[in-house]
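Following: one structure in structure tokens, then a few remarks.
The values are calculated or read from the model by the stated rules, or taken from the named source; none is laboratory data. Not measured: the values here are computed from a predicted model. With ideal geometry, Cβ positions are generated from the backbone for all residues, glycine too; neighbour counts draw on all protein chains shown. The protein model used for the area step is the full one, side chains on, heavy atoms only, and it has no ligands, DNA or RNA in it. Shrake-Rupley method; radii C 1.70, N 1.55, O 1.52, S 1.80 Å.
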Amino acid sequence: MSTETIIPTDATSAAEPVAVLSDEEIFAAHQGGKLSIASTVPLASKRDLSIAYTPGVAQVSRAIAANPELAKTLTWAQRLVVVVSDGTAVLGLGDIGASASLPVMEGKSALFKAFGELDSIPLVLNTTDVDEIVETLVRLRPSFGAVNLEDVSAPRCFELEDKLIEALDCPVMHDDQHGTAVVVLAALTGAAKVTGRDIETLRVVVSGAGAAGIAVAQMLLAAGITDVVLLDSRGVLNTERADIAADPASKKAQLAAEGNPRGVSGGPAEALLDADVFIGVSSSKLAEEHLKLMSQDSIVFALSNPDPEVLPEVARQYAAVVATGRSDFPNQINNVLAFPGIFRGALDAGARRITPAMKLAAARAIAELADEDLSADYIVPSPLDPRVAPAVSAAVAAAVEAE
């Protein structure tokens, strides 16, 4: 049976779902994959072949052998981002394996090209062993200039990113963590202005303590917010909770200590009492009765896809600003606002790492683009806004120079 998907026709009409996609159209667009390799040089004559390949290419190879630094300018490796996944946490589909994750990774590579003008290839691996993935990428290091980790399950994603950053001399970022966190901070900056608040004074509740939730909490703390309470399936992260106390070195324990200064304990009701902000990055639903507990002119980011923690029409009854991860509602929190420009800026500046300062700079750049037309329904620019990637890239490159 054919199914249909309703989407907005463009970014300016995001609240008006008018286009319908059929299965036939979707599968036809993916037939044969979404990527191809194109030559940047002509290959129409023997002279062309002699320059691009043999014998001319031998001179280039000799030069690189004598001076490996020349590979940065005489090959595409320095400008190539590999999108790496083991298929264990794909979109809302979960652990579907490497092959099934490939259409998503192809899409990610296409976004790198369209929005960041960076070449990118997907690399899906038939292993979930962190050390095996690290070893694979270390061996492949001469072939690429940066690593975008994608759809790797928590908590393995934390260990994998940390080990890759240590092992590789190039930018590495798990976009599910840090891309999400950057755009959330940018959106929250706008939402705070709309509601007349100083961002540092916000009381924030993050529902979900996986990859995205932990990164969002870390980013908000780095931005100067001091009250960031996390919820997982067991309730509020609190240093006195038995499982948290038993593992004081864990990221959950660290965030319980750093982000819960009032010692909040219990569940969603206790966390949301007088909270200014709800950020949902889990499949847990936000009950209407809990929305009522939040402060006046509250801010609700219900980011789970395809089903938000609470529908916007319900949240708007209580919240002054509402955002989701979907394109058919206003205020879409979309990672494409961040990752193309972050990687472009890092590579332009020759950075070996993507640092917290670079991510904060990216968030500020995104937020500033929305300032002129800021409203409750416009707290971040559209993912299709052509200004975004260049602005983020420039801000990240400037942050590299400043460090």
Legend entry - Out of 384, 369, 374, sole residue that is without any contact (Cβ under 8 Å) to a residue 24 or more places away in the chain and either more than 18 Å from residue 172 (Cβ to Cβ) or in contact with a strand residue (DSSP E or B) (Cβ under 8 Å, 6 or more places away or on another chain) (or both): 369
Inset, instruction - For residues that are assigned to a loop (DSSP other than H, G, I, E, B) and among the aliphatic types (A, V, I, L, M), scanning just region 153-168, find the one that is surrounded by the fewest Cβ atoms within 10 Å (Cβ to Cβ). - result: 168
Inset, instruction - Give 200, 150 a once-over and let me know the one that is over 26 Å from residue 97 (Cα atoms), in contact (Cβ under 8 Å) with a residue 12 or more places away in the chain and open to solvent by 10 Å² or more (accessible area, probe 1.4 Å). - result: 200
Legend entry - Condition check for residue 219: buried (at least 21 other Cβ atoms within 10 Å of the Cβ) and outside any helix (DSSP H, G or I): no
Inset, instruction - Collect the residues in region 269-280 that are open to solvent by less than 60 Å² (accessible area, probe 1.4 Å) and either modelled with pLDDT under 95 or farther than 10 Å from residue 309 by Cβ (or both), keeping them in residue-number order. - result: 269, 271, 272, 275, 276, 277
Inset, instruction - Filter region 304-333 down to the residues that are among the polar types (S, T, N, Q) and open to solvent by 40 Å² or more (accessible area, probe 1.4 Å), then identify the one that is nearest to residue 386 (Cα to Cα). - result: 327
Legend entry - Flag if residue 304 is in contact with a helix residue (DSSP H, G or I) (Cβ under 9 Å, 6 or more places away or on another chain), hydroxyl-bearing (Ser, Thr, Tyr) and at pLDDT below 95: no
Inset, instruction - Kindly provide the set of residues from region 57-82 that are at pLDDT below 95 and farther than 27 Å from residue 116 by Cα, ordered by number. - result: none
Inset, instruction - Might you check whether a residue that is farther than 30 Å from residue 396 by Cβ, open to solvent by less than 30 Å² (accessible area, probe 1.4 Å) and in contact with a Pro (Cβ under 8 Å, 6 or more places away or on another chain) occurs anywhere in region 281-291? - result: yes
Inset, instruction - Select from region 312-340 the residues that are in contact (Cβ under 8 Å) with a residue 12 or more places away in the chain and in a helix (DSSP H, G or I) and list them in ascending order. - result: 312, 314, 315, 335, 336, 337, 339, 340
Legend entry - Residues (over 27 Å from residue 349 (Cα atoms) and out of contact with any strand residue (DSSP E or B) (no Cβ under 7 Å at 6 or more places or on another chain)) located in region 142-198: 153, 154, 155, 156, 190, 192, 193, 196, 197, 198
Inset, instruction - Say whether the condition of being closer than 19 Å to residue 184 by Cβ, in contact (Cβ under 8 Å) with a residue 12 or more places away in the chain and of a type in the set (A, V, I, L, M, F, W, C) is met by at least one residue in region 243-254. - result: no
Legend entry - Single match in 127, 189, 136, 180 (criterion: among the hydroxyl-bearing types (Ser, Thr, Tyr), out of contact with any His (no Cβ under 6 Å at 6 or more places or on another chain), surrounded by fewer than 24 Cβ atoms within 10 Å (Cβ to Cβ) and closer than 28 Å to residue 277 by Cα): 189
Inset, instruction - Answer yes if at least one residue in region 100-119 is closer than 21 Å to residue 282 by Cα and buried (at least 22 other Cβ atoms within 10 Å of the Cβ), and no otherwise. - result: yes
Inset, instruction - Could you please find all residues in region 355-384 being under 18 Å from the mean Cα position of the chain (by Cα), open to solvent by 20 Å² or more (accessible area, probe 1.4 Å) and modelled with pLDDT of 95 or more? - result: 355, 356, 357, 359, 360, 364
